[in-house]
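The values are calculated or read from the model by the stated rules, or taken from the named source; none is laboratory data. All figures in this text were calculated on a predicted structure; none of them were measured in a lab. Counting neighbours? That spans all protein chains shown, and the Cβs are built from the backbone with ideal geometry, glycine included.
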Amino acid sequence: MKMENKSILNKAWYYSIFLVAIFPVLGIKLTSISINIVGLISFFLIIKEGKSFINKKKTQWLLLFSSLYIVYLLTSIFHPFNHEAIFVLEKKLSLLVFPIIFFLIPINIIEKHLNQVLLIFALSTLSIAIFTNFYILITGIPPNYLSFHDISYSYRNYFEDISKIHPTYISIYLAFSAFIFLNLFLKKETKGIYLLGFTSSIICIMLLSAKMPIIAFLLSLGLYLLMKPKNFIKLKFIVVAIIATLAIAIFTIPSLKIRLNELINSSLVPPKGENYNSINVRAGINNCSFALIKTNYMFGVGAGQLQNQLDICYKDYNTTAYSEIRYNTHNEYFNILLSTGIAGLAAFLILLITLFYEIYRIKNLPFFTLITLVTLCFLTENLMDRQGGVVFFAFFTSLFIRVYILQSKKESKVKHIR
């Protein structure tokens with residue numbers, strides 16, 4: 001009877017992971033509920049097994065992965081602790097929760113299950129992107145959205161209001177989904193459906209015209225082909241098709257053309273008056289971030305004070321840009337440095353460097369593209385400033401570490417549901 005109960009609990013844990021994988025369509029509240037369900041089942045499994053499944057390697061990786069959150073927690077003691085600081089700690093809790101779940105769970109996670117999780121995520125992401133675009137195509141963009149600077153901003157803002165996902169975030173999800181479909185295309189016999197998923201993901205990314213996710217996707221693809229040159233022969237037509245599609249899209253998709261012109265023609269100086277766009281706004285953001293870093297690089301200003309310090313700096317610019325929207329650092333590395341000081345940034349960089357070393361050793365396409373994508377997008381986005389970003393990074397990175405680093409190849413291949 002005990003063995004039967006354990007088997008039921010193990011299976012419940014396996015299926016609950018699928019629930020977390022569809023977080024792009026769940027929204028904030030349902031995502032939190034799904035994480036709580038997985039966490040609760042994991043707690044019972046870990047308690048049942050005791051310490052027998054915990055070893056030195058798992059403990060080391062748990063400390064490595066959770067070190068950033070621990071630094072956030074510790075530095076909050078030395079800075080004013082307010083509602084904002086509590087909110088930041090709450091949002092980033094996934095950096096502690098997921099490694100505990102995946103590194104200490106007393107069952108093996110087989111590679112087949114991981115691939116199912118990845119496919120479910122890719123399908124859910126692509127589904128919400130396609131549904132939102134069809135909805136916009138059918139209903140059109142409401143007049144009140146057309147008051148934005150150009151059609152690109154109008155479309156992106158309306159897309160976000162319908163999907164409840166920031167365009168840059170879903171673009172990153174779509175880029176990762178494209179690589180998931182590509183990986184399945186290289187491995188599976190029924191290739192047509194995966195090629196369709198890959199193509200659809202690329203089209204949706206182009207429509208959203210998020211600059212860094214597109215650049216990160218192309219760089220990730222190029223780096224992967226350098227790592228596995230044999231696959232270039234298999235993918236050469238796809239690579240040529242992507243380049244051709246991008247070239248055509250630049251001249252045919254208005255939002256993409258506008259974003260490219262913005263990138264080429266905008267000066268890297270802070271905006272004045274009403275003359276602002278995504279490029280010169282970032283110039284002011286970077287100036288304020290650098291100014292704060294110069295005097296606070298050792299211990300930061302604290303997660304609860306960072307936004308207020310930035311807002312004070314923005315007031316020096318004679319523009320309405322920073323009064324309409326509260327801009328964060330738009331750089332995850334700057335955000336960590338200013339929130340926690342050198343200790344937090346060092347902990348984060350050590351984790352990323354270690355991950356790249358392990359990925360180079362195992363040469364796994366989805367794992368490599370995930371870390372490459374987020375590492376590049378961290379340069380222009382506070383990806384872990386929203387629940388969707390921190391869950392995306394912590395969930396998949398922890399899952400990959402468990403399957404490809406903490407388990408042997410035999411453990412990852414052999415089914416282990418008792």
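Quick check on PHE334: is it outside any helix (DSSP H, G or I), within 19 Å of GLU84 (Cβ to Cβ) and either without any contact (Cβ under 8 Å) to a residue 12 or more places away in the chain or of a type outside the set (Asp, Glu) (or both)? Don't jump to the end; show me each part of the working.
Numbers: outside any helix (DSSP H, G or I): no; within 19 Å of GLU84 (Cβ to Cβ): yes; either without any contact (Cβ under 8 Å) to a residue 12 or more places away in the chain or of a type outside the set (Asp, Glu) (or both): yes.
No.
Under 23 Å from LEU223 (Cβ atoms), of a type outside the set (Asp, Glu), assigned by TED's automatic domain parsing to the domain that holds TYR14 and at pLDDT 95 or above: which single residue out of PHE131, PHE185, PHE176 fits that description? Write out each step before concluding.
Values: PHE131 fails: under 23 Å from LEU223 (Cβ atoms); PHE185 fails: at pLDDT 95 or above.
The unique qualifying residue is PHE176.
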Next on the checklist: Could you check segment 167-207 and list, in sequence order, the residues that are assigned to a loop (DSSP other than H, G, I, E, B) and surrounded by 18 or more Cβ atoms within 10 Å (Cβ to Cβ)?
Outcome noted: none
Checklist entry - From TYR169, TYR72, which residue is over 21 Å from ILE342 (Cα atoms) and of a type in the set (Phe, Trp, Tyr)? => result TYR169
Item to check | Considering residues of segment 340-383 that are over 12 Å from the mean Cα position of the chain (by Cα) and of a type in the set (S, T, N, Q) only, the residue farthest from ASN328 (Cα to Cα) | outcome: ASN364
Next on the checklist: Looking for something hydroxyl-bearing (Ser, Thr, Tyr) and surrounded by fewer than 23 Cβ atoms within 10 Å (Cβ to Cβ) - is there at least one such residue anywhere in segment 335-353?
Outcome noted: no
Item to check | Single residue of ASN280, ASN331 found to be closer than 23 Å to TYR153 by Cβ, surrounded by 14 or more Cβ atoms within 10 Å (Cβ to Cβ) and modelled with pLDDT of 95 or more | outcome: ASN331
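Okay, residues lined up against (1) outside any loop (DSSP other than H, G, I, E, B); (2) touching a helix residue (DSSP H, G or I) at 6+ places or on another chain (Cβ under 6 Å); (3) not small (Gly, Ala, Ser):
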residue: THR354; (1), (2), (3): yes, no, yes
residue: LEU379; (1), (2), (3): no, no, yes
residue: PHE393; (1), (2), (3): yes, yes, yes
residue: ARG402; (1), (2), (3): yes, yes, yes
Item to check | Residues that are assigned to a helix (DSSP H, G or I) and over 25 Å from the mean Cα position of the chain (by Cα), drawn from segment 52-82 | outcome: LYS56, LYS57, ILE77, PHE78
Next on the checklist: Against the condition out of contact with any helix residue (DSSP H, G or I) (no Cβ under 6 Å at 6 or more places or on another chain) and either not aromatic (Phe, Trp, Tyr) or not in a helix (DSSP H, G or I) (or both), how does LYS48 come out, does it pass?
Outcome noted: yes
